[in-house]
Amino acid sequence: MSFGTVGILSISSTLQTRIMRQAARGAFLALLFLFHAAGAAWADCAVSPVGVSSGNDAAEVAAFYRHWDGACAWSDRAAAELYDVLLQSDLHGVAPESFGTREIAGQLKAGRGTDLAGRDLLLTRSALRYAWAMQAGRVDLAASGYDIAIPRWEPPVAAGLAAALKQARLSDWLHALPPATPEYLRLKQALAFHRDLAARGNWPPLALEEGRRSLKPGETSEAMAALRGRLVALGDLRARIGDDRLDPQTVEAVIRFQSRHGLERDGVIGPKTLAALNVTPEERARQIALNMERIRIMAHAMPPTRVEVNAAAATAVLFEDGEPVLRMRTVVGTRKTPTPILSGLINTIIVNPPWVVPRSIYVGEIAPAIARDPDYLGKHDMFWQEGQLVQRPGPRNSLGRLKFEFASPFAVYLHDTNAPSLFASDNRFRSHGCIRLEKPLDLAVRLLEPEWPRERIEAAIAAGETARLPMSRSMPVVVAYWTAFVEEDGTVEFRDDIYGRDAALAALLRDDAPAPSRTGTGAACGA
């Protein structure tokens, strides 16, 4: 789906939303005027910086009021600006009610009897919670899984809010809090599109004739009219004109839909494609909102220049100054050995690396293979060294010819492979947790130039000796998990929640998440 049609599809709901927000803001300003006219005296308002709040935000609230020497901070205008921004938090996938908008309205309706200090505290808590949510997310991502190593950022929101209020630039400060990267802004637009689609209703389940498992190109089905309507609504097909045959134009639309959902691109309406077509816009909107939350949590760990792996899509991108300059497919962990989520620094590239086989792989795979074939080790260039099983560098080596090292708690890394045929598959969840790269040499050249041009790296590989090539500058690497993302051309992409991380994050946001536990054996790549 391209965003070429999004503007048309979202005009009605966007206009209605704007009208409702303006009405809410007008009512809020009227209440503020009445409150002020009733005799609210800011000079009589004082808040003690000690014990001003309870819960997780107590320290932030106390820190904020230390900037004000305990005096109340919120003028009528500042309160109106805050409320206006909070009403728009749903554009970021977060309900305004989670920031106390109902309580704020209730305080104002109380009129003369309103407790000024209590009102000030409410506004402060709401502003700080919003700032924290937009800058660092609402939860600690590591609490949703044992194999997540993204440091929790603590933005200086108390000092920022105090400065914004004192300098009368609160609105600008609030609007600058959410991520402004193209990736986030495109997701924000996709969220609006799918919410608009959901508001239109009429999303009955699609089904083929009873007993029929698939619809192939050229075949006929009574479901074709509904199928075309669904593809048109999603932006994959321009018009729903046609008979009951799966014609070439509709096949192209099906392939386009399959491509942006990570499905086999064969133009056949099979069980997986039909299931994806039946996911409702409400479900897709929730999926997008979860990924926007994940971006807000991880934004501080994603500098403009980085290597970014999307484990959910089994892809990798090299960004330079925010622009993608190298894309490739990857092979990542299975459901039982999921690729961890982490950030780090690539500082060394190893040419012709040996592979130290981890014990879990030896016990689970190699020992049974040796039992079947006593010559297995020799056939695979493996030998025992100081109690460890090692595979020699060479064409049979599982790491291929290049290994990209970075520190992490999970002993995972990026590397070449001796089985490049797997990159042609749409199912690339086949590793023990490490990330196999489709274009490792291209990445190495980008990271090592100018000291190591392509010809010099190729010569080092051809020499066959293991060598460590130090980098003149470390390269940030982020292994992320995006199940919803939007390409530069506006194509909205979705992927299955193969590792269950979306479900875990959703539970954490609902505050009913169980303690992180191992759902599989964990990543185990060896050294």
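Among what's in region 311-336 and is of a type in the set (S, T, N, Q) and out of contact with any Gly (no Cβ under 8 Å at 6 or more places or on another chain), pick the residue that is surrounded by the fewest Cβ atoms within 10 Å (Cβ to Cβ). Working first, answer last.
Step one: list which residues in region 311-336 are of a type in the set (S, T, N, Q), which gives 315, 330, 334.
Retained after the next criterion (residues that are out of contact with any Gly (no Cβ under 8 Å at 6 or more places or on another chain)): 315, 330.
Numbers: THR315: 21, THR330: 25.
Residue satisfying both the conditions and the ranking: THR315.
Please pick out the residue among PRO409, PRO368, PRO353 that is open to solvent by 70 Å² or more (accessible area, probe 1.4 Å), farther than 30 Å from GLU488 by Cβ and out of contact with any Cys (no Cβ under 9 Å at 6 or more places or on another chain).
On the way: PRO368 fails: open to solvent by 70 Å² or more (accessible area, probe 1.4 Å); PRO353 fails: open to solvent by 70 Å² or more (accessible area, probe 1.4 Å).
From the options PRO409, PRO368, PRO353, the qualifying one is PRO409.
What number of residues in region 307-348 are touching a residue at least 60 places away in the same chain (Cβ under 8 Å) and within 24 Å of GLY262 (Cα to Cα)?
Going through region 307-348 one residue at a time, the tally reaches 28.
With the requirement that a residue be open to solvent by 60 Å² or more (accessible area, probe 1.4 Å) and closer than 22 Å to ARG129 by Cα, what does region 182-214 give you?
Residues satisfying the conditions are LEU185, LYS188.
Residue under question is ALA41, and the condition is that it be farther than 30 Å from LEU290 by Cβ, at pLDDT below 80 and either open to solvent by 40 Å² or more (accessible area, probe 1.4 Å) or touching a helix residue (DSSP H, G or I) at 6+ places or on another chain (Cβ under 9 Å) (or both); does it hold?
On the way: farther than 30 Å from LEU290 by Cβ: yes; at pLDDT below 80: yes; either open to solvent by 40 Å² or more (accessible area, probe 1.4 Å) or touching a helix residue (DSSP H, G or I) at 6+ places or on another chain (Cβ under 9 Å) (or both): yes.
For ALA41, the condition - farther than 30 Å from LEU290 by Cβ, at pLDDT below 80 and either open to solvent by 40 Å² or more (accessible area, probe 1.4 Å) or touching a helix residue (DSSP H, G or I) at 6+ places or on another chain (Cβ under 9 Å) (or both) - is met.
Out of (1) open to solvent by less than 60 Å² (accessible area, probe 1.4 Å); (2) part of a strand (DSSP E or B); (3) of a type outside the set (D, E, K, R), the odd one out for ILE361 is which?
(2)
Taking region 248-278, which residues are touching a residue at least 12 places away in the same chain (Cβ under 8 Å) and in a loop (DSSP other than H, G, I, E, B)?
ARG260, HIS261, GLY262, LEU263, GLU264, ARG265, GLY267, VAL268, GLY270, ASN278
Filter region 215-241 down to the residues that are farther than 21 Å from ALA275 by Cβ and surrounded by fewer than 16 Cβ atoms within 10 Å (Cβ to Cβ) and list them by number. Break it down stepwise before answering.
Taking region 215-241 and keeping what is farther than 21 Å from ALA275 by Cβ, we get 218, 220, 238-241.
GLY218, THR220, ARG238, ALA239, ILE241, listed by residue number.
Could you check, for region 418-436, whether at least one of its residues is in a loop (DSSP other than H, G, I, E, B), surrounded by fewer than 21 Cβ atoms within 10 Å (Cβ to Cβ) and among the basic types (Lys, Arg)?
Looking only at region 418-436, we keep the residues that are in a loop (DSSP other than H, G, I, E, B), and these are 418-419, 425-428, 432-434.
Cutting the leftovers down to surrounded by fewer than 21 Cβ atoms within 10 Å (Cβ to Cβ) gives us 418-419, 425-428.
If we keep only those that are among the basic types (Lys, Arg) too, we end up with 428.
Checked against the condition, which is being in a loop (DSSP other than H, G, I, E, B), surrounded by fewer than 21 Cβ atoms within 10 Å (Cβ to Cβ) and among the basic types (Lys, Arg), region 418-436 yields at least one hit.
All but one of (1) aliphatic (A, V, I, L, M); (2) surrounded by 21 or more Cβ atoms within 10 Å (Cβ to Cβ); (3) out of contact with any Gly (no Cβ under 9 Å at 6 or more places or on another chain); (4) under 25 Å from ALA507 (Cβ atoms) hold for LEU91, so report the exception by its number.
Single failed check for LEU91: (2).
Among the residues of region 464-512, how many are within 30 Å of ARG129 (Cβ to Cβ), surrounded by 17 or more Cβ atoms within 10 Å (Cβ to Cβ), in contact with a helix residue (DSSP H, G or I) (Cβ under 8 Å, 6 or more places away or on another chain) and among the aliphatic types (A, V, I, L, M)?
Qualifying residue count for the region: 10.
Do you know which residues across region 159-172 are more than 17 Å from LEU91 (Cα to Cα) and surrounded by 13 or more Cβ atoms within 10 Å (Cβ to Cβ)?
Scanning region 159-172 gives ALA159, GLY160, LEU161, ALA162, ALA163, ALA164, LEU165, ARG169, LEU170.
Mind checking which strands (runs of 3 or more DSSP E) fall wholly inside region 452-497 and carry at least 3 residues that are touching a residue at least 40 places away in the same chain (Cβ under 8 Å) and under 30 Å from GLY394 (Cβ atoms)? Reasoning before the result, please.
Details: elements: 467-480, 484-486, 492-494.
Result: 467-480.
Here are the criteria: (1) modelled with pLDDT of 90 or more; (2) surrounded by fewer than 17 Cβ atoms within 10 Å (Cβ to Cβ); (3) part of a loop (DSSP other than H, G, I, E, B); (4) of a type outside the set (Ser, Thr, Tyr). Tell me which single one GLU97 does not satisfy.
The number of the failed condition is (3).
Taking the conditions exactly as written (small (Gly, Ala, Ser) and either open to solvent by 40 Å² or more (accessible area, probe 1.4 Å) or over 39 Å from the mean Cα position of the chain (by Cα) (or both)), does GLY387 satisfy them or not? Spell out how you get there, then give the answer.
Details: small (Gly, Ala, Ser): yes; either open to solvent by 40 Å² or more (accessible area, probe 1.4 Å) or over 39 Å from the mean Cα position of the chain (by Cα) (or both): yes.
Yes, satisfied.
Do we have any residue at all in region 442-459 that's surrounded by fewer than 19 Cβ atoms within 10 Å (Cβ to Cβ), over 24 Å from the mean Cα position of the chain (by Cα) and within 25 Å of TYR362 (Cα to Cα)?
no
If I go through region 264-310 residue by residue, how many of them are open to solvent by less than 20 Å² (accessible area, probe 1.4 Å), hydrophobic (A, V, I, L, M, F, W, C) and within 20 Å of the chain's Cα centre (by Cα)? I'd like the intermediate steps shown before the answer.
We begin by selecting, within region 264-310, every residue open to solvent by less than 20 Å² (accessible area, probe 1.4 Å); these are 267, 269-270, 273, 276-277, 281, 285, 288-289, 291-298, 301, 306-307, 309-310.
Then keep just the ones that are hydrophobic (A, V, I, L, M, F, W, C); that gives 269, 276-277, 285, 288-289, 292, 295, 297-298, 301, 307, 309.
Filter again for within 20 Å of the chain's Cα centre (by Cα), leaving 276, 285, 288-289, 292, 295, 297-298, 301, 307, 309.
Counting residues in region 264-310 that are open to solvent by less than 20 Å² (accessible area, probe 1.4 Å), hydrophobic (A, V, I, L, M, F, W, C) and within 20 Å of the chain's Cα centre (by Cα) gives 11.
Could you tell me which of the residues PRO281, PRO303, PRO271 is in contact with a strand residue (DSSP E or B) (Cβ under 7 Å, 6 or more places away or on another chain) and not aliphatic (A, V, I, L, M)? Explain how you work it out, then say what you get.
Working: PRO281 fails: in contact with a strand residue (DSSP E or B) (Cβ under 7 Å, 6 or more places away or on another chain); PRO271 fails: in contact with a strand residue (DSSP E or B) (Cβ under 7 Å, 6 or more places away or on another chain).
Checking each option against the conditions leaves just PRO303.
The values are calculated or read from the model by the stated rules, or taken from the named source; none is laboratory data. Here the structure is a predicted model, which means the values were calculated and not measured. When we count neighbours, we look across all protein chains shown, and the Cβ atoms used for this are built from the backbone with ideal geometry, even at glycine. Side chains included, ligands, DNA and RNA excluded: accessible areas come from the protein's heavy atoms. Shrake-Rupley method; radii C 1.70, N 1.55, O 1.52, S 1.80 Å.
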